[in-house]
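Working notes, beginning with the structure itself.
The values are calculated or read from the model by the stated rules, or taken from the named source; none is laboratory data. No experiment lies behind these values; they were computed from the predicted model shown. Here Cβ is always computed from backbone atoms with ideal geometry, including for glycine, and neighbour counts include all displayed protein chains. Ligands, DNA and RNA are excluded from the accessible area calculation, which covers all protein heavy atoms including side chains. Shrake-Rupley method; radii C 1.70, N 1.55, O 1.52, S 1.80 Å.
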Amino acid sequence: MIERCHRDTRPRSRPRLHAALAVAAVGLLAAAGATVLPGAASAGTTLGASAAERGRYFGAAVAANKLSDNTYVTILNREFNSVTPENEMKIDATEPQQGQFTFANADRIVSHARSRGMSVRGHTLAWHSQQPGWMQNMSGSALRQAMLNHVTQVATHFRGQVVAWDVVNEAFADGSSGARRDSNLQRTGNDWIEAAFRAARAADPGAKLCYNDYNTDDWSHAKTQAVYAMVRDFKQRGVPIDCVGLQSHFNSGSPYPGNYRTTLSSFAALGVDVQITELDIAGASPTTYRNVVNDCLAVARCTGITVWGIRDSDSWRASDTPLLFDNAGNRKPAYDAVLAALNNGTPPPTTPPPTTGPTTPPPGGGSCTATLRDGTRWGDRFNSEVTVSGATNWTVVVAVTPPQKVSATWNGTPSWDSSGNVMTMRSNGSGNVFGFTTMANGNWSRPQVYSCTAS
Ligand code: G3I
């Protein structure tokens, strides 16, 4: 794996100066052609860049009405490479009247994210809460049909734009029963969850389909075991499920459990990805944040972490000050702990594929040269890096092969054609090496560089 320098324009405190020197040192090594050995520290200077070097994303819940807040957007664009709309994709937001869909706010977030190379998690298609009035008043087969139609319409609208959907949210009861939560959806029949997953798969076959819940972090809890049993059953019976979301809202009543890593690895062992989907920690203990990151990094199929908001003031539990940035947008000690954990983490224990030769642009492909090298490879995805020579300001066109999908990028500004398979990457001042992660979706062929153009 080749390490990269990331641009960082913020004022530096002394620890940051040390970090900068470390970054510079690794950059020099990279420039000299040295390879950083597996297990070595990484040099990302933002959460997203550092997570990407670990083959993961680092995301935030985003509210559409804050996209005009300059401080908020500056942090979002600098730090995160994944976005979850906090409320804008929920049932009451997207289908306020039955059969009438409104996507404007969700579309704004999706467009903001994708135009900057961030991936999008969809949240959520079927939930007992945040139902519009018309749905709350329904029951039986009419409700089942309305729910399935909602799943189909919303997943179809965002087809190809959402890498993972929380198909069903919070369907299990708290406490020791291990039972399903009573709700109007549950009363349509116990198979409502798998029916929702099948409808989502039919509507967007390329999206990862997740079951998402809270208080499922402690491996010993009945609710965790009940969700685990459902996922195991789904995998055994071929119900389409790809991932489990652990919300991970931690506070004194629901603390970070010492067996959290066991929970992550146990779900992963069922053959699903695990994602930490709504992380916040009351008081924002740096130690607890570090533990969560280290636990995710220790589980190969823990593919990313999303914090539920950016600044404390953006949190649904603002008075708990549970996030990584204070109300003014300053980094908190928890931020430093997360970034250090991401940078110190051991890269996943895999070796790059043997095909590491350069790919040259096809004839007539442009006025600079772009060379693609294979990066780290995991069970479901792989990194690629492209080095540009002959231009400082450049545009490189790269194509992946369907059903492959680019899930993360770094060190450039990407845009996609309508198929979603052809990525145009433009320099953004971060240097002449950019990278991207491709979800293989069963196809491991190498992305192709089409052209390199100096501008
Ligand atoms: O936007 C309206 C505003 O116009 C109105 O004046 C105000 C008055 O109540 O309400 C505003 O809407 C609120 C919305 O958040 C935006 O702030 C809703 O009332 C409020 O219910 C809603 O709360 C959201 C909650 O889910 C319920 O949907 C939180 O923002 C959101 O953070 C929270 O997220 C959930 C996840 O979806 C699932 N897991 C738990 C997590 C935390 O509760």
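Data overview
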| quantity | calculated |
| --- | --- |
| Residue pairs meeting the criteria (Cβ under 6 Å; at least 6 apart or on separate chains; first part of a loop (DSSP other than H, G, I, E, B), in the stretch 411-428; second among the aliphatic types (A, V, I, L, M) and open to solvent by less than 60 Å² (accessible area, probe 1.4 Å)) | G412/M425; N421/A399; N421/V400 |
| Residues of the stretch 233-251 that turn out to be polar (S, T, N, Q) and surrounded by fewer than 16 Cβ atoms within 10 Å (Cβ to Cβ), as a count | 2 |
| Residues (outside any strand (DSSP E or B) and closer than 20 Å to R373 by Cα) located in the stretch 443-455 | N443, W444, S445, R446, P447 |
| Single residue of A300, A282, A226 found to be in contact with a Phe, Trp or Tyr (Cβ under 8 Å, 6 or more places away or on another chain), under 27 Å from G206 (Cβ atoms) and assigned by the TED database to the domain that holds L324 | A300 |
| Positions within the stretch 202-232 being part of a loop (DSSP other than H, G, I, E, B), within 16 Å of the ligand (Cβ to nearest atom) and surrounded by 20 or more Cβ atoms within 10 Å (Cβ to Cβ), in sequence order | N215, T216, D217 |
| Residues satisfying the stated conditions in the stretch 149-180, i.e. within 13 Å of H128 (Cα to Cα), surrounded by fewer than 21 Cβ atoms within 10 Å (Cβ to Cβ) and of a type in the set (S, T, N, Q) | none |
| So A195, is it among the aliphatic types (A, V, I, L, M), farther than 28 Å from G309 by Cβ and touching a Leu at 6+ places or on another chain (Cβ under 7 Å) | yes |
| Among the candidates T263, T303, residue that is touching a strand residue (DSSP E or B) at 6+ places or on another chain (Cβ under 8 Å), touching a residue at least 40 places away in the same chain (Cβ under 8 Å) and open to solvent by 10 Å² or more (accessible area, probe 1.4 Å) | T303 |
| The stretch 74-90: number of residues that are of a type outside the set (K, R) and more than 10 Å from the ligand (Cβ to nearest atom) | 9 |
| Flag if Q131 is touching a residue at least 40 places away in the same chain (Cβ under 8 Å), in the same structural domain as N190 (by the TED database), farther than 25 Å from M423 by Cα and open to solvent by less than 20 Å² (accessible area, probe 1.4 Å) | yes |
| Test result for T287, within 14 Å of the ligand (Cβ to nearest atom) and under 18 Å from P257 (Cβ atoms) | no |
| Test: residue in the stretch 61-73 that is in the same structural domain as Q186 (by the TED database), within 12 Å of the ligand (Cβ to nearest atom) and within 19 Å of T156 (Cβ to Cβ) | no |
| Subset of the stretch 377-408 (residues that are of a type in the set (A, V, I, L, M) and either within 22 Å of the chain's Cα centre (by Cα) or within 17 Å of T438 (Cα to Cα) (or both)) | V386, V396, V397, V398, A399, V400, V406, A408 |
| Out of W316, W308, sole residue that is open to solvent by 20 Å² or more (accessible area, probe 1.4 Å), at pLDDT 95 or above, of a type in the set (F, W, Y) and within 16 Å of the ligand (Cβ to nearest atom) | W316 |
| Qualifying positions in the stretch 72-101 - open to solvent by 10 Å² or more (accessible area, probe 1.4 Å) and farther than 25 Å from K332 by Cα | N87, E88, K90, D92, A93, P96, Q97, Q98, G99, Q100, F101 |
| Matching option when the condition is more than 18 Å from A61 (Cα to Cα), touching a helix residue (DSSP H, G or I) at 6+ places or on another chain (Cβ under 9 Å), in the same structural domain as E88 (by the TED database) and more than 16 Å from the ligand (Cβ to nearest atom), among M118, M147 | M147 |
